[in-house]
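To start, the structure itself, in structure tokens.
The values are calculated or read from the model by the stated rules, or taken from the named source; none is laboratory data. No experiment lies behind these values; they were computed from the predicted model shown. FYI the Cβ positions are ideal-geometry reconstructions off the backbone, even for glycines, and counts take in every protein chain you see. For the accessible areas, the whole protein counts, side chains as well, though only heavy atoms, and no ligand, DNA or RNA atoms are used. Shrake-Rupley method; radii C 1.70, N 1.55, O 1.52, S 1.80 Å.
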Amino acid sequence: MTVPNDPYTFLSCGEDGTVRWFDLRMKTSCTKEDCKDDILINCRRAATSISICPLVPYYLAVGCSDSSVRIYDRRMLGTRATGNYMGRGTTGMCVRFVPAHLSNKLCRVTSLCYSGDGQEVLVSYSSDYIYLFDPKNDQARELKGPSEERREELRQPPVKRLRLRGDWSDTGPRARPESERERDGEQSQNVSLMQRMSDMLSRWFEEASEAQSSRGTTRSQTRPRGETLGRHTGEHLMLLEADNHVVNCLQPHPYDPILASSGIDYDIKIWSPLEVSPSFNRVLADEVITRNELMLEETRNTITVPASFMLRMLASLNHIRTDRLEGDRSEGSGQENEDEQ
């Protein structure tokens, strides 16, 4: 991310949990194998998205894989290259947001963005919903969120499921929830096999999760939810089919009513309101929203695995089956010998 009105510096965030600040006036390349000179913040968790307040650019919002959004004051931070690196992930932190029902879960922030006036931060979560945070009062407003019944279900230990990397059957405008496919007699070729492996591994994951939760972790307290401000209503105004599977990037024009989108398809689409009359199909939109809601719940605890992992699991399943067959044969031959005696 570039810094407004600063042509010489830019920021980056990554899976190693660091936010880095690069100054092209100091260097234009680095040959160090594990360079730490430009680390601005070490979040101790994967830093997955960053955004700079457009009006007050020394405020930096960082989304992490521990469900949190943190806002830092860059005036209190520095790097080893500048000679004032503090090293602690809490230094310069002004506020930390966590949606209440995610306070004890690790839910990855996929994207965040300041509003144009810097008064709100819009945040999306992997396998969850979209939220608005007010940087001043540390309280979350949900544009969309689970019901109280779903919140109670989310507190229960999840059952992990597997999906094969490259399997896009649960994405895109023509995707259907598993419950709907079963009702209509449809079934993905990978479902039964992957479900067998999921059942086999679910116990291992649950045991690991229980062991981790028993150790306990210290988390920042989340203040109670406040009254809705401004409520922006979150009303659905338009539905555009922008990709056959996943839309992973949206970029509005700075002042014209133009939107660029990209995803898994091999193109970038440009959108603009050229229709003379509105073309929003609310009935279709409601169907898509309901379907997406079901698929979100089905895939919330899905783990994507590579093909090599599936091959190893097949070998393990085959080995277990072979051992069972040999055991049954041994028991059968032993019973025959007893009968002969």
Worksheet item: Is there a residue in region 279-302 that is among the acidic types (D, E), part of a helix (DSSP H, G or I) and at pLDDT 85 or above?
Response: yes
Discussion item. Among (1) open to solvent by less than 50 Å² (accessible area, probe 1.4 Å); (2) more than 15 Å from A175 (Cα to Cα), there is one condition L259 misses while meeting the rest; what is its number?
Written reply: (1)
Worksheet, complete the sentence: Note: among N5, N84, just one is out of contact with any Leu (no Cβ under 7 Å at 6 or more places or on another chain), on the phi > 0 side of the Ramachandran plot and open to solvent by 40 Å² or more (accessible area, probe 1.4 Å), namely N5
Discussion item. Taking the criterion of being modelled with pLDDT under 70 and either under 31 Å from the mean Cα position of the chain (by Cα) or not assigned by the TED database to the domain that holds C107 (or both), would at least one residue in region 306-324 satisfy it?
Written reply: no
Practice prompt. Just name the residue that is nearest to C13 (Cα to Cα) out of those in region 96-118 that are at pLDDT below 90, open to solvent by 20 Å² or more (accessible area, probe 1.4 Å) and over 14 Å from the mean Cα position of the chain (by Cα).
Written response: R96
Fill in: Search result, residues across region 293-312 that are closer than 16 Å to T171 by Cβ and exposed (fewer than 12 other Cβ atoms within 10 Å of the Cβ)
none
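Determine which member of the set L60, L24, L55 is closer than 24 Å to D117 by Cα and surrounded by fewer than 21 Cβ atoms within 10 Å (Cβ to Cβ).
L55
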Worksheet entry | Within region 242-252, considering residues that are at pLDDT below 90 and in a loop (DSSP other than H, G, I, E, B), the one surrounded by the most Cβ atoms within 10 Å (Cβ to Cβ) | H245
Worksheet item: Can you name the residue in region 253-278 that is charged (D, E, K, R) and assigned to a loop (DSSP other than H, G, I, E, B) and, of all such residues, is farthest from S124 (Cα to Cα)?
Response: E275
Worksheet, complete the sentence: Counting only residues that are exposed (fewer than 12 other Cβ atoms within 10 Å of the Cβ) and closer than 20 Å to R176 by Cβ, region 262-283 contains a total of 1
